[in-house]
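Since the structure comes first, as structure tokens, the remarks are kept for the end.
Every number here is computed from the coordinates shown, using simple stated rules; none is lab data. No experiment lies behind these values; they were computed from the predicted model shown. When we count neighbours, we look across all protein chains shown, and the Cβ atoms used for this are built from the backbone with ideal geometry, even at glycine.
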Amino acid sequence: MKNFELFTCLSFILALTSCYRDSEDEISVNDKYVTFNFNLAGVEQSSLTRAISEPSNLLIIDKFGDEVTSDTKTSLAPFSLPLDYGRHEIYFVAADKIWTSYSTAEWKVEWPSSHDGLSYVWAAHLTLDVDEDTSVEDIMLPLIIANVQVKTLDKVPATASSLHIDAPDLCKGLDLLTLSGIPTDTPVNYSLDLSRGTGNTLRINLFTFVPPTSCIGDISLTVLDQNTQEIAAKTLNEVPVQPGYISLYAGYLFSDGISFPLSYTDDWSGTNSYGF
């Protein structure tokens, strides 16, 4: 009888010890809350306030082993994420204009192919080893978008009605793994109304991500009158682009003036000028 009582007592103690160890194991894999602070690079902050407001769209994708999770925020205000101990591959995308879609399976984000569907975008990839000492991460987001500007040095004639832009290789998709541009499934082409801009010079802004070749192919410009008759046309050949830079094309579209690069100062990191 005494042996039975002793066995029962030992079994009870072992059961308690087992429960205690299980609890310890659960605690050891609990989430560690990590706070992220963001800063924008590529554009001077003082200049940024004149160009755009702080981006209001933030995408966060976290890859932890085979598990991939995503979240979105509506500001760049500091926030905390619960992260398991171990190595995380985290992707951040901050954008002025909201994306059309994103895919954690294909690791890409896409914006609309419309004229104003894409604007300023910052992005970064962070490899983070989370342990008990991890608490705060300061993230610098580089500007990864490029801008192609076309400026006419002559004025839009009164007969001009519309401008048709054909840029089939313009990249409005972003490859998250390389942070480089990918063409969207729908080629970029659209029309702009010129009827209210006659008598003024013309400036066009096209935003694009930068493909691995650093070139977005040809951009064709065609101006039509009210009878859809062509009155001017120009093709910009093999347009080079660079993250955080403006590729500025300046020249005469409606007359036979001499084409020349224009010295131009902007709030971006720099400007590469070309004539046409």
| message | Below 8 Å between Cα atoms, with a sequence gap of 6+, how large is the relative contact order for region 118-183 in percent? | response | 29 percent
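For region 74-216, what class follows from the C-alpha gyration tensor (a ≥ b ≥ c being the square roots of its eigenvalues): rounded when a/c is under 1.5, otherwise prolate if a/b is larger than b/c, else oblate? Don't skip to the answer; put the middle values down first.
Details: a/c = 3.21, a/b = 2.52, b/c = 1.28.
Prolate.
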| task | Name the long-range amide H neighbours of residue 248: under 5 Å, sequence gap of 5 or more, or other chain; modelled H, no Pro or chain starts. | result | 149, 272, 273, 274
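How many percent of DSSP beta bridges within region 146-275 run antiparallel, rounded to 5? Could you put the intermediate results ahead of the total?
On the way: 27 of 39 bridges.
So the antiparallel bridges amount to about 70 percent of the total.
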| note | The ³J(HN,Hα) series, computed from each phi in region 174-190 with the Karplus coefficients 6.51, -1.76 and 1.60 at θ = phi - 60°, rounded to the nearest Hz and given as x for glycine or proline, is 10, 7, 5, 6, 10, 6, 10, x, 9, x, 7, 5, 9, x, 7, 7, 7
| When the Debye formula is applied to the Cα atoms of region 32-141, each taken as the same point scatterer, what base-10 log of I(q)/I(0) results at q = 0.15 Å⁻¹? | -0.68
| message | Please compute the length gained on full extension between residue 127 and residue 203, using 0.36 nm multiplied by the number of residues separating them and subtracting their Cα-Cα distance. | response | 23.3 nm
| ³J(HN,Hα) computed for each position of region 145-159 - Karplus, 6.51 cos²θ - 1.76 cosθ + 1.60, integer Hz, glycine/proline x | 8, 10, 10, 9, 10, 10, 10, 8, 8, 10, 8, 5, x, 5, 7
| note | Long-range amide H partners of residue 239, meaning residues 5 or more apart or on another chain whose placed amide H is closer than 5 Å, are 216, 217, 218, 219
| note | Between the modelled labels at residue 229 and residue 193 (7 Å from Cα along Cα→Cβ) the distance in nm is 2.4 nm
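Tell me, what is the percent relative contact order of region 146-275, built from C-alpha pairs under 8 Å that lie six or more residues apart? All intermediate terms of the calculation are to be shown ahead of the outcome.
Numbers: 323 pairs, mean separation 40.6, N = 130.
Relative contact order, region 146-275: 31 percent.
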| message | Suppose each label sits 7 Å from its Cα in the direction of the beta carbon; what would the residue 177-residue 215 distance come out to in nanometres? | response | 2.5 nm
| Sequence-distant or interchain residues sharing an amide H contact under 5 Å with residue 137, placed H: which? | 35, 36, 37
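Using 1/(1 + (r/R0)^6) with R0 = 22 angstrom and r between the beta carbons of residue 186 and residue 119, what's the FRET efficiency to the nearest 0.05?
Working: r = 18 Å, r/R0 = 0.83.
It comes to 0.75.
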| request: Work out how much length residue 159 to residue 54 would gain on full extension: take 0.36 nm times their residue separation and subtract the Cα-Cα distance, in nm to one decimal. | output: 33.8 nm
| request: Output ³J(HN,Hα) for region 99-113: one whole-Hz value per residue in order, computed from phi by the Karplus curve 6.51 cos²θ - 1.76 cosθ + 1.60 with θ = phi - 60°, and x for Gly and Pro. | output: 6, 6, 7, 9, 10, 7, 7, 9, 6, 9, 10, 10, 10, x, 8
| For residue 73, which lysines qualify as cross-link partners when the Cα separation must be under 30 Å and same-chain residues fewer than eight apart are set aside? | 32, 63, 97, 108, 172
